[in-house]
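One structure is given below, encoded as structure tokens.
Every read-out reported here was derived from the displayed coordinates using simple, explicitly stated rules and does not represent laboratory data. Note that the structure is predicted; figures quoted are calculated from it, not measured. Cβ placement follows ideal geometry from the backbone for every residue including glycine, while neighbour counts extend to all protein chains displayed.
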Ligand SMILES: C[S@@+](CC[C@H](N)C(=O)[O-])C[C@H]1O[C@@H](n2cnc3c(N)ncnc32)[C@H](O)[C@@H]1O
């Protein structure tokens, strides 16, 4: 347990996250669409576009959850493979892509065989970001592309106030109404796990990625990291 934030860390965090997603899996997609006003679909489309990969490429979607990214990748003619450690999320999937239960910190994939990797809204749920980036780098071919989406804190003070009002007060109520109150109260707290974007960029570069770029969506509430394996 991290004493400052009261949030679990290490293996306790992994167990808590896995159990929480198993519980909320049946209504996860529905609550996501309500909470983001369906914008999550648009952000995933933009991420797939930012991969700049041709059809028939093979892309791993890491911490794939219910497979939303896999569906978008398929629409672009890409061959996705999804991995997640929550069996509940995998069972709730409507994607027709191959999905498997695995810890994304230890992928069951050989070195240097994959064209690209996506990850949606899971960076802050992982226990070790540098180790995750190293693992992605290991399985990608040279020139392999990444597109990692997650939440962000708007820098503008007014937007930041609105962002906190929405995530700290409204999202837990929406979650309680349609799903699980404690899981959706964890969501705004989980923002504090995410390092500043400069640190994420540095971690990606240290893991072997170049041309790392950050794009912001939903005025500064969502960020996309893209890049290429050196
Ligand atoms: C917020 S959900 C995101 C799901 C999906 N990517 C999306 O865009 O909707 C976070 C997911 O990360 C998964 N996860 C967290 N840590 C993981 C790990 N170490 N290995 C595999 N999956 C993990 C959880 O089980 C959960 O499905």
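With an 8 Å cut-off on Cα pairs and a minimum separation of 6 or more residues, tell me the relative contact order of segment 1-140 in percent. Could you put the intermediate results ahead of the total?
Details: 215 pairs, mean separation 33.3, N = 140.
Relative contact order, segment 1-140: 24 percent.
Could you please state, rounded to a whole Å, how far the C-alpha centre of segment 149-199 is from the C-alpha centre of segment 45-101?
So the separation of the two Cα centres works out to 24 Å.
Run the helix sum for the chain: -39,500 (n - 2.57) per DSSP H stretch of 4+ residues, divided by residue count, reported at 222 nm to the nearest 500 deg cm²/dmol.
Values: 9 runs with 99 residues, N = 230.
Calculated from helices alone, the mean residue ellipticity at 222 nm is -13000 deg cm²/dmol.
Hey, fewest Cβ within 10 Å first, where do 161, 43 land in order?
On the way: 161 11, 43 20.
In increasing order of surrounding Cβ atoms, one gets 161, 43.
In nm, to one decimal, how far is the modelled label at residue 197 from the one at residue 37, with both set 7 Å along Cα→Cβ?
It is 2.1 nm.
What FRET efficiency, computed as 1/(1 + (r/R0)^6) with R0 = 22 Å and r the Cβ-Cβ distance, is obtained for residue 9 and residue 164, rounded to the nearest 0.05? Write down the numbers at each step before the final one.
Working: r = 23 Å, r/R0 = 1.05.
My answer for the efficiency is 0.45.
Given a Förster radius of 41 Å and the C-beta distance between residue 185 and residue 106 as r, what FRET efficiency does 1/(1 + (r/R0)^6) yield to the nearest 0.05?
Once rounded, the FRET efficiency stands at 0.85.
Picking from 149, 165, 99, which is most flexible by a Gaussian network model of the chain using Cα springs under 10 Å?
Comparing 149, 165, 99 in a Gaussian network model of the chain, the most mobile one is 165.
Could you state the angle between the C-alpha long axis of helix 129-139 and the longest principal axis of the C-alpha atoms of the chain, as a value from 0 to 90 degrees rounded to the nearest 10?
Value to nearest ten degrees: 30.
Pick out which of 147, 208, 120 has the largest mean-square fluctuation in a Gaussian network model of the chain, springs linking Cα atoms closer than 10 Å.
Looking only at 147, 208, 120, the largest GNM fluctuation is found for 208.
Just to confirm the number: angle between the C-alpha axis of helix 39-50 and the first principal axis of the chain, 0 to 90 degrees, nearest 10?
20
Give me Rg/Rg_expected for the chain, where Rg uses Cα atoms only and Rg_expected = 2.2 N^0.38 Å with N residues. Write out the running numbers ahead of the final one.
Details: Rg = 16.6 Å, N = 230, 2.2 N^0.38 = 17.4 Å.
Taking the Cα Rg and dividing by 2.2 N^0.38 Å, one obtains 0.95.
Would you mind computing Rg(Cα) / (2.2 N^0.38 Å) for segment 96-230, counting N as its residues?
Working: Rg = 16.3 Å, N = 135, 2.2 N^0.38 = 14.2 Å.
Rg over 2.2 N^0.38 Å, computed on Cα atoms: 1.15.
Based on the Cα atoms of segment 28-140, what semi-axes does the equivalent ellipsoid have, where each is the square root of 5 times one gyration tensor eigenvalue, given in whole Å with the largest first?
On the way: eigenvalues 82, 58, 36 Å².
Over the Cα atoms of segment 28-140, the semi-axes work out to 20, 17, 13 Å.
Between residue 79 and residue 216, how many nm apart are label points set 7 Å from Cα along the C-beta direction?
Going from the residue 79 label point to the residue 216 one covers 3.9 nm.
Can you classify segment 1-74 as rounded, prolate or oblate using the Cα gyration tensor, where a ≥ b ≥ c are the square roots of its eigenvalues, rounded means a/c under 1.5, and otherwise it's prolate if a/b beats b/c and oblate if not?
Working: a/c = 2.26, a/b = 1.74, b/c = 1.31.
Here segment 1-74 falls in the prolate category.
Order of 38, 33 from fewest to most other C-beta atoms within 10 Å?
Values: 38 10, 33 14.
Result, fewest neighbours first: 38, 33.
Would you please give the FRET efficiency between residue 138 and residue 45, computed as 1/(1 + (r/R0)^6) with r the Cβ-Cβ distance and R0 = 22 Å, to the nearest 0.05?
Numbers: r = 28 Å, r/R0 = 1.26.
Efficiency at R0 = 22 Å is approximately 0.20.
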